[in-house]
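Below you'll find the structure, written out as structure tokens, and then a few comments.
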Amino acid sequence: DYDGIDLQLRARFIRDEQDGLTQETVPGLGVYRIDLPDRVNRFVLQGRETVHFAGGSTIRVSLNRQDPHGETRKDRVDSPVDETRTRRGTLQSAELVGTVADGDRTWVVGARGEIEHFEQYLERLEILGGELAETERQEVDRSSLGHGAGYAQLKWQLHETVTVLGGARGEYHLRFGGVIAPRLALAFRPSDEVTIRASGGRGFRVPAARELGFFFDHSALGY
């Protein structure tokens with residue numbers, strides 16, 4: 001029996017700011033102080049709808065989108081020679097999860113998909129041929145990462161003191177192919193104060209977009 005709907009919508013704006021400072025010795029010109037500001041603006045939209053049924057069963061649909069835009073600069077004080085790195089990206093995801101309450105057993109079945117795009121540009125104001133010139137190039141070509149996953153889990157209370165949790169997740173990544181990750185867990189609760197747990201399974205993680213392509217300038221740290 002149908003028991004109601006919960007609908008949640010959320011919009012957020014997040015701004016991260018970091019300021020660094022270093023110096024550089026230029027032969028014949030002296031020592032320049034360099035400011036290293038790092039700014040990231042992130043726009044987030046999230047929506048989630050949950051349909052409730054009698055007995056505790058539910059169906060949940062989630063949609064998410066993020067638009068991060070970042071900028072890292074090397075600003076030489078008292079010098080026109082500067083550089084700016086601009087990062088752009090989008091991240092979109094969708095998930096559908098069904099939970100079925102069946103007495104001592106609880107089933108969870110779901111599917112999730114995610115797609116991410118990113119790119120990075122470098123702008124420089126530098127001296128070329130004795131004159132000040134502005135150059136721009138794309139350091140990281142527009143790239144895409146995406147994956148889909150399906151999963152299922154069964155929680156079974158065999159006895160009031162023993163609960164078994166088993167499940168598996170199948171994933172397919174555009175760059176890394178597919179994998180199956182199973183998991184099995186057991187909980188034994190001989191008293192209200194003591195719980196003994198044991199579990200085993202297989203994990204799988206791929207590099208994130210930032211780990212794959214973005215250029216990180218660590219000159220402030222000496223390398």
Checklist entry - Build a GNM of the chain with springs between Cα atoms under 10 Å: which of L132, L165, L184 gets the top mean-square fluctuation? => result L132
Checklist outcome for this item: Computed for the stretch 91-180: size of charge dipole around the Cα centre, +1 on C-beta of each Lys and Arg, -1 on C-beta of each Asp and Glu, debye to nearest 20, value 640
Next on the checklist: Taking 8 Å as the Cα distance limit and 6 or more residues as the minimum spacing, I'd like the relative contact order of the stretch 95-209 as a percentage.
Outcome noted: 19
Next on the checklist: With +1 assigned to the C-beta of every Lys and Arg and -1 to the C-beta of every Asp and Glu, and no other charges, what is the dipole magnitude of the chain about the Cα centre in debye, to the nearest 20?
Outcome noted: 840
Next on the checklist: Suppose only helical runs count, i.e. DSSP H with n ≥ 4. What mean residue ellipticity at 222 nm does that imply for the chain under -39500 (n - 2.57) per run, divided by all residues and rounded to the nearest 500 deg cm²/dmol?
Outcome noted: -500 deg cm²/dmol
Checklist entry - What accessible surface, in Å², does a 1.4 Å probe find on I180, ignoring ligands, DNA and RNA and rounding to the nearest 10? => result 100
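Let me check against my output: what whole-number percent is the relative contact order of the chain, with C-alpha pairs under 8 Å and at least 6 apart?
Details: 525 pairs, mean separation 27.5, N = 223.
Result for the chain is 12 percent.
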Next on the checklist: Over the chain, with a Gaussian network built from C-alpha contacts below 10 Å, which listed residue (R124, R189, R175) shows the highest mean-square fluctuation?
Outcome noted: R189
Item to check | GNM flexibility winner over the chain from S144, S191, S199 (Cα, springs under 10 Å) | outcome: S191
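The values are calculated or read from the model by the stated rules, or taken from the named source; none is laboratory data. On a predicted model such as this, the values are computed, not experimentally measured, just so you know. When we count neighbours, we look across all protein chains shown, and the Cβ atoms used for this are built from the backbone with ideal geometry, even at glycine. Quick note on the areas: whole protein, heavy atoms, side chains included, nothing else; ligands and nucleic acids left out. Shrake-Rupley method; radii C 1.70, N 1.55, O 1.52, S 1.80 Å.
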